[in-house]
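Quick notes on the structure that follows.
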Amino acid sequence: MKLTKTLTNNRTQDNLLHLGSLFSKMLKQRFGKGPETCLVTIYDSRLTVFIRKYITPAEEVLIESNQYNLAYEFRNVVIAKVIDEFVEEAKVILGHPLHTYFCDWDYEKNTGVIVIDNGKSYEYSESMISTKLKGKLAEQIARVSSGVHKVPSSIDIIKLNQNMFAVECQETMLEVEKVLFRKDCMDILQERSREIKKSYVNQRELFELAFGRVIEGLFMTWDFKNDRSYIFFYLQ
């Protein structure tokens, strides 16, 4: 039994390493430059891709000109093409389809996160996290969210791997944000979401105290259709 489990874990790890390498190559083909790091993990049929050091010359020009919205728009268009190709390969390796994705970028730290799932299972299952850590994180998230959007009706905290934690927040959208989504005003919603993320980034030290570790990356993605947001902490 132990040998079978070990072999299964090894195959899974090999698959994830292969997917990380594949994603890097696809980024290089589209961007003309690949990332320094492309780490893929899987949890509850979701793939999480953490990327480090991959800004292209075109994006550097936009960022230096303070054209962040254009930089985000440029990257999201290219990433959409990469993911369309990537999921076709990934479903063969993993044995199940992937459809929906969410992503966020930190141009200052030159990092990013992409979450890809099957578009059906929106909730993470329970993972082994101490009650003390859950309480501290939930307290800080409720404090920050109360100042920028609705306090989540529920908060679930998931340990994706040794360095990455995901926080799923349900029912956080204001009524005006729901109207904007129904009217397909995604540019406004995306800009709004980046402003909300800044509020969490500004409280980075409080979250570092909760984890007892330095936070290398803090990301936030939104599932507007299902009124959920996800906060990702990548720890050093």
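The values are calculated or read from the model by the stated rules, or taken from the named source; none is laboratory data. No experiment lies behind these values; they were computed from the predicted model shown. So basically every Cβ, Gly included, is an ideal-geometry build from the backbone, and we count neighbours across all protein chains shown.
Listing for the model above:
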| quantity | calculated |
| --- | --- |
| Pick from segment 18-39, criterion part of a helix (DSSP H, G or I) and either more than 14 Å from F86 (Cα to Cα) or of a type in the set (D, E, K, R) (or both), ranking: modelled with the highest pLDDT | K25 |
| Of all residues in segment 12-50 being among the small types (G, A, S) and closer than 18 Å to H96 by Cα, the one that is surrounded by the most Cβ atoms within 10 Å (Cβ to Cβ) | G20 |
| Unmet criterion (only one of (1) over 21 Å from N110 (Cβ atoms); (2) basic (K, R); (3) under 15 Å from the mean Cα position of the chain (by Cα)) for R192 | (3) |
| Test: residue in segment 2-12 that is touching a residue at least 24 places away in the same chain (Cβ under 8 Å), touching a Gly at 6+ places or on another chain (Cβ under 6 Å) and either not assigned by TED's automatic domain parsing to the domain that holds N161 or not in a loop (DSSP other than H, G, I, E, B) (or both) | no |
| Out of P35, P57, sole residue that is assigned by TED's automatic domain parsing to the domain that holds D84 and farther than 30 Å from N161 by Cα | P57 |
| Count of residues meeting criterion [outside any helix (DSSP H, G or I) and either over 15 Å from the mean Cα position of the chain (by Cα) or at pLDDT 90 or above (or both)] in segment 201-216 | 6 |
| Residues that are surrounded by fewer than 17 Cβ atoms within 10 Å (Cβ to Cβ) and aromatic (F, W, Y), drawn from segment 187-236 | F211 |
| Filter result for the condition that a residue is out of contact with any Lys or Arg (no Cβ under 8 Å at 6 or more places or on another chain) and assigned to a loop (DSSP other than H, G, I, E, B), over K150, K198 | K150 |
| Positions within segment 40-85 being within 23 Å of S21 (Cα to Cα), in a loop (DSSP other than H, G, I, E, B) and among the polar types (S, T, N, Q), in sequence order | S45, T56 |
| Single match in D84, D184 (criterion: on the phi > 0 side of the Ramachandran plot, surrounded by fewer than 13 Cβ atoms within 10 Å (Cβ to Cβ) and modelled with pLDDT of 85 or more) | D184 |
| Residue check, I116 assigned to a helix (DSSP H, G or I) and either small (G, A, S) or in contact (Cβ under 8 Å) with a residue 40 or more places away in the chain (or both) | no |
| Of all residues making up segment 59-72, the number that are surrounded by fewer than 14 Cβ atoms within 10 Å (Cβ to Cβ) and free of Cβ contacts under 8 Å to residues at least 60 places away in the same chain | 5 |
